[in-house]
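Novice: If you scroll down you'll find the structure; I have some questions about it.
Each reported figure results from applying straightforward, stated rules to the coordinates on display, with no laboratory input. Since the model is a prediction, treat every value here as computed from it, not as a measurement. Backbone-built Cβ (ideal geometry, glycine too); neighbour counts: all protein chains shown.
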Ligand SMILES: [Zn+2]
């Protein structure tokens, strides 16, 4: 009964997100570049790179999701889940989309991709900091494609749909990572490190599920501060349901829907690991600079919180069918 009502609400939430999804598909942005995306939460340029184009939710969708999460937390499913030590192993399929088979053309060696999966496991097990999560990852496949048209495009370009429809494999429980050159939309300058779809839109658009990752945001690349494999930790956090820690800034009516991540006004800028930053002094806690879901450097982002684990479990149970 409760499962049925949760499923019904899940569909309502998913449909409520359609405007948000459409906006992303069009690759639009209010300020001429979609850097940092996040529905106007600000951008963070790193040597010509903007961090993440995953958009936060509009207010109605956020409210629907918060209500659903609240209902879930009262359910026997959530109680059983909080006592469970079940681990979920997620198969990871990499699709390396190259201009040519050189490193400059976008190729990424097998060793780097294997290392990337190891880094996901170290981050999600809590080995490098924060709390452990129930998620583990295993390399399921590496698919290399040489296609100049598919190698380089902006979020929401028609090529994104072509690529995903042609290459994506598996179901809601399968992580597909498309590695290519992500441009800033509308002729803006710069590149984007990555972006992801959320679990709660899977039902609407299963063929578009997955993460886009810049080919230089991988372990061992020459991109300082973003070559430790933590960009994919951040993007997979979105794929598992997490929002940015700066969602809603200091006084917004909506947040990242996680109770134990301190608020921050904007993503950090100009410093890869700023200490004692308190951009929301009227709210408890310093800025969560070590959290995987903010925009500091790879060397700084090392933690998930217990609240984020609960929110991920809710998302993956309800929307990705991980029981
Ligand atoms: Zn992000």
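Novice: Most exposed first by the Cβ proxy, i.e. fewest other Cβ within 10 Å, how do 99, 79 rank?
Specialist: On the way: 99 19, 79 11.
Result, fewest neighbours first: 79, 99.
Novice: Which residues does a label at residue 260 reach in segment 278-299, if reach means a backbone N under 18 Å from a point 7 Å past the Cα toward the Cβ?
Specialist: 284-294
Novice: With an 8 Å Cα cut-off and a minimum separation of 6 or more residues, compute the relative contact order for segment 278-323 in percent. Mind showing how you got there, number by number?
Specialist: Numbers: 30 pairs, mean separation 9.2, N = 46.
Here the relative contact order equals 20 percent.
Novice: Segment 132-190 to segment 264-284: how many Å between their Cα centroids?
Specialist: 31 Å
Novice: Length gain on complete extension for the stretch residue 306 to residue 127, per 0.36 nm per residue less the alpha carbon to alpha carbon distance? Don't skip to the answer; put the middle values down first.
Specialist: On the way: separation 179, 0.36 × 179 = 64.44 nm, distance 1.46 nm.
Length difference between fully extended and current span is 63.0 nm.
Novice: Taking a point 7 angstrom from the Cα of residue 101 along the C-beta vector, which residues in segment 146-161 have backbone N less than 19 Å away?
Specialist: 146-151
Novice: Still on this model: Give me the distance in nm between label points sitting 7 Å out from Cα along the Cα-to-Cβ direction at residue 75 and residue 222, one decimal.
Specialist: Result: 5.0 nm between the two label points.
Novice: May I pose another question? Give me the one-decimal nm value for the distance between modelled label points at residue 207 and residue 115, 7 Å along each residue's Cα-to-Cβ direction.
Specialist: Going from the residue 207 label point to the residue 115 one covers 3.7 nm.
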